[in-house]
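This report refers to the structure that appears directly beneath it.
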Amino acid sequence: MYVFFKLLREKALSDIFNYHRFFNKFPVIELGTIKLRDLMLSDKERYFKMMSEPEVIKYLSDEDVPNSLEQTEQEIKFWGGLFYRKQSVFWTISDTSTDEFLGTIGFNTWNFSNRRAEISYDLMKEYWNRGIMTKALTNAIIFGFKNMNLHRIEARTMLGNIPSQRLLEKVGFKREGTMRGYRIIRGEPIDVYIYSITANDFAGFLA
Ligand SMILES: CC(C)(COP(=O)(O)OP(=O)(O)OC[C@H]1O[C@@H](n2cnc3c(N)ncnc32)[C@H](O)[C@@H]1OP(=O)(O)O)[C@@H](O)C(=O)NCCC(=O)NCCS
């Protein structure tokens, strides 16, 4: 019975986009000095280093912040496994010449039927303000509209997170409103802005 429903779901998804082909091979995206590649367990130490930096985690939910290498491994298995569980795609941003982990970007949720996904990103502090995330985000969005057949991409960011808001607005996201008490940060409910970009907003760019 389970197999039957699985096949039925895959058939329905294939009508929306080329589901089988998409999940056949992990999509590596080469972007000159940086590359979007598979998140691997060998990224563990640098991932944990990124998540141990108070300025990086200031605006992240408690649930997204591992506090040991063991928890980091679980996080990597969860986010890295999204593709192999045929749920979504999540990348390591790496330095092309050294392959070193610099940060992450990916679609943490993907609603196939409604052709929408939520994107999130984090970068190691020593690489901030060099345009790395502008490049990664722009290309992840292009990939989402072209290869995932998305119509809408969402992003959520805390009210105080100015760099993240600047980044989203720079690549064309529009702020839709405030989600009150949406995240618990260090025990406190915090308001969050919701942003989105649609394929129509991006049409000129894709033409
Ligand atoms: C948000 C983040 C990913 C931005 O990455 P980045 O590679 O430094 O961003 P870019 O260099 O591409 O810059 C994008 C825009 O943000 C601005 N910006 C970057 N850092 C900034 C800072 N500390 N203060 C103010 N603006 C900043 C840039 O000036 C640029 O805008 P501009 O071109 O209009 O000047 C990075 O700061 C980060 O990882 N923060 C911690 C984790 C986080 O907040 N994740 C997102 C959760 S929603």
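The values are calculated or read from the model by the stated rules, or taken from the named source; none is laboratory data. Note that the structure is predicted; figures quoted are calculated from it, not measured. For neighbour counting, all protein chains shown are included, and Cβ atoms are generated from backbone atoms with ideal geometry for every residue, glycine included. Areas reflect the complete protein model, heavy atoms only, side chains present, ligands, DNA and RNA absent. Shrake-Rupley method; radii C 1.70, N 1.55, O 1.52, S 1.80 Å.
Just to be sure I understand the model, the point goes 7 Å from the Cα along the line to the Cβ. What's the resulting residue 113 to residue 185 distance in nm?
3.4
Residue separation times 0.36 nm, minus the C-alpha to C-alpha distance between residue 26 and residue 65: what's the value?
11.5 nm
Run the dipole for the chain about the Cα centre, Lys and Arg Cβ at +1, Asp and Glu Cβ at -1, nothing else charged, and hand back the magnitude in debye, nearest 20.
Details: 29 positive and 26 negative charges, 161 e Å.
Here the size comes out at about 780 debye.
What accessible area per residue, rounded to a whole number of Å², is obtained for the chain using a probe radius of 1.4 Å?
53
What does the highest-first list of 48-57, 24-33 look like by mean Cβ count within 10 Å?
Order by mean packing, descending: 48-57, 24-33.
Normalising by the residue count of segment 140-207, find the relative contact order in percent from Cα pairs under 8 Å and 6+ residues apart.
37 percent.
Can you say what percent of the DSSP beta bridges in the chain, counting only those with both residues inside, are antiparallel? Round to 5.
Around 90 percent antiparallel, to the nearest 5.
For the residue pair residue 175 and residue 203, what label-to-label distance in nm results when each label sits 7 Å from Cα along the Cα-to-beta-carbon direction?
In this crude spin-label approximation the distance works out to 2.7 nm.
Could you work out the relative contact order of the chain, using alpha carbon pairs under 8 angstrom and six or more residues apart, expressed as a whole percent? Display every interim value, and only then the final one.
Values: 312 pairs, mean separation 35.1, N = 207.
Reported relative contact order: 17 percent.
For n ≥ 4 DSSP H runs only, could you compute -39500 (n - 2.57) per run for the chain, divide by its residues and tell me the 222 nm figure to the nearest 500? Before the final figure, lay out each step's value.
Details: 8 runs with 79 residues, N = 207.
Rounded to the nearest 500, it is -11000 deg cm²/dmol.
What percentage of the solvent-accessible surface of the chain, computed with a 1.4 Å probe over protein heavy atoms, is contributed by carbon and sulfur atoms?
On the way: 5810 of 11070 Å².
In the chain, the share of accessible area belonging to carbon and sulfur is 52 percent.
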